[in-house]
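Let me begin by presenting the structure, written as structure tokens, before commenting on it.
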Amino acid sequence: MVNYTNRVMTALESAMGHEIAWPPRARLVDGTLVKLSQRPRDDGETYFDRKSNYSMNVQVICDQNKRVIYFFTGMLGSCHDLTCLRRSSLWERLGSAQLFDNGQYLLGDSGYIPLDRLVCSYKRTADEMDKVDFNTCVAHARVGNEHYIGILKARWHSLKEIRTQLRNLAENAYVIRWMRCCIILHNFLIWRRDEWSEDDHPIEVEREDDLGPPPQGARQCSRRGLERRQAVQRTCLEINRMPGGLLCR
């Protein structure tokens, strides 16, 4: 069964360059957490997120039609969205004329930082109405990305919770590939206008406000834990940059 699954994933990954492409349209970036059912065996505290779950972070960029045009999977749940984006292959190309024309940019929430090609909402402000109004406009524009992530997890229930324990880097890499294949399949269905009824399949839309403060001690890692984090980050980069994996064109 494992060999058959690997063959299917390999076939899906070979089609990734065709199914996921960078278009000349509006783009929205967001991060989501894919919950792990069990604490990873080694240095599990590095996977502990601000929702008090063990998870992996996935960065997703979609266009106005909810099609994924870039994703970066597998970072530890304790990593901030901005940290994950900085580790991706996209970060060093954010200012590239190959990806953006004049007046084009990414939209993100307040978890990111403003750059020439990245417009994000302000940190929470109570009294400055101009900033509140701006945040409202950004939030309305970003509904598409949040909605897409909700559909993705509703369609592929394994992304609501990965029901296996990560015991080594090989299993970590396998889960990264699994998440990537779910995204490729989802884009495949969207391109072919597969109908998705929210009445039959309700979705859970993740909001920035749903996230509480990081639990106390969540980021206090041992030296071995930090080394583990660096090893996982290297695995993420290797998997996401394998042939066909550089999604920005």
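The values are calculated or read from the model by the stated rules, or taken from the named source; none is laboratory data. All values reported here derive from a predicted model rather than from experimental measurement. As a convention, Cβ positions derive from the backbone with ideal geometry for all residues, glycine included, and neighbour counts pool all protein chains shown. Accessible surface is based on the protein model in full, side chains and every heavy atom, while ligands, DNA and RNA are left aside. Shrake-Rupley method; radii C 1.70, N 1.55, O 1.52, S 1.80 Å.
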*Quick check, is Cys79 buried (at least 18 other Cβ atoms within 10 Å of the Cβ), touching a residue at least 12 places away in the same chain (Cβ under 8 Å) and touching a Phe, Trp or Tyr at 6+ places or on another chain (Cβ under 7 Å)?*
no
*Residues in the stretch 126-149: is at least one buried (at least 16 other Cβ atoms within 10 Å of the Cβ), farther than 30 Å from Leu169 by Cβ and among the charged types (D, E, K, R)?*
yes
*Given the structure, is Leu169 open to solvent by 40 Å² or more (accessible area, probe 1.4 Å) and either of a type outside the set (Phe, Trp, Tyr) or within 20 Å of the chain's Cα centre (by Cα) (or both)?*
yes
_Anything in the stretch 50-60 that is in contact (Cβ under 8 Å) with a residue 24 or more places away in the chain, over 14 Å from His186 (Cβ atoms) and assigned to a strand (DSSP E or B)? List them, or say none._
Met56, Asn57, Gln59
*Counting only residues that are closer than 24 Å to Phe71 by Cα and hydroxyl-bearing (Ser, Thr, Tyr), how many does the stretch 123-160 have?*
2
*Does Asn65 satisfy being open to solvent by 20 Å² or more (accessible area, probe 1.4 Å), within 23 Å of Gly150 (Cβ to Cβ) and either touching a helix residue (DSSP H, G or I) at 6+ places or on another chain (Cβ under 8 Å) or assigned to a strand (DSSP E or B) (or both)?*
yes
_Can you tell me which condition Ala15 does not meet? The list is (1) buried (at least 23 other Cβ atoms within 10 Å of the Cβ); (2) of a type outside the set (Val, Ile, Thr); (3) under 28 Å from Phe188 (Cα atoms), and all the others hold._
(1)
*Would you check which residues across the stretch 18-42 are among the small types (Gly, Ala, Ser) and modelled with pLDDT of 70 or more and list them?*
Gly31, Ser37
*Could you look through the stretch 106-124, keep only residues that are in a loop (DSSP other than H, G, I, E, B), open to solvent by 40 Å² or more (accessible area, probe 1.4 Å) and not basic (Lys, Arg), and pick out the one that is modelled with the lowest pLDDT?*
Asp116
_Yes or no: the stretch 168-189 includes at least one residue that is at pLDDT 60 or above, more than 29 Å from Tyr105 (Cα to Cα) and assigned to a loop (DSSP other than H, G, I, E, B)._
yes
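So that you can scan it fast, the table gives a plain yes or no per residue for (1) farther than 24 Å from Gln38 by Cβ; (2) not in a helix (DSSP H, G or I):
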{"position": "Thr73", "(1), (2)": "no, yes"}
{"position": "Ser78", "(1), (2)": "no, yes"}
{"position": "Leu82", "(1), (2)": "yes, no"}
{"position": "Leu85", "(1), (2)": "yes, no"}
{"position": "Glu92", "(1), (2)": "yes, no"}
{"position": "Ala97", "(1), (2)": "yes, yes"}
{"position": "Phe100", "(1), (2)": "yes, yes"}
{"position": "Gln104", "(1), (2)": "yes, yes"}
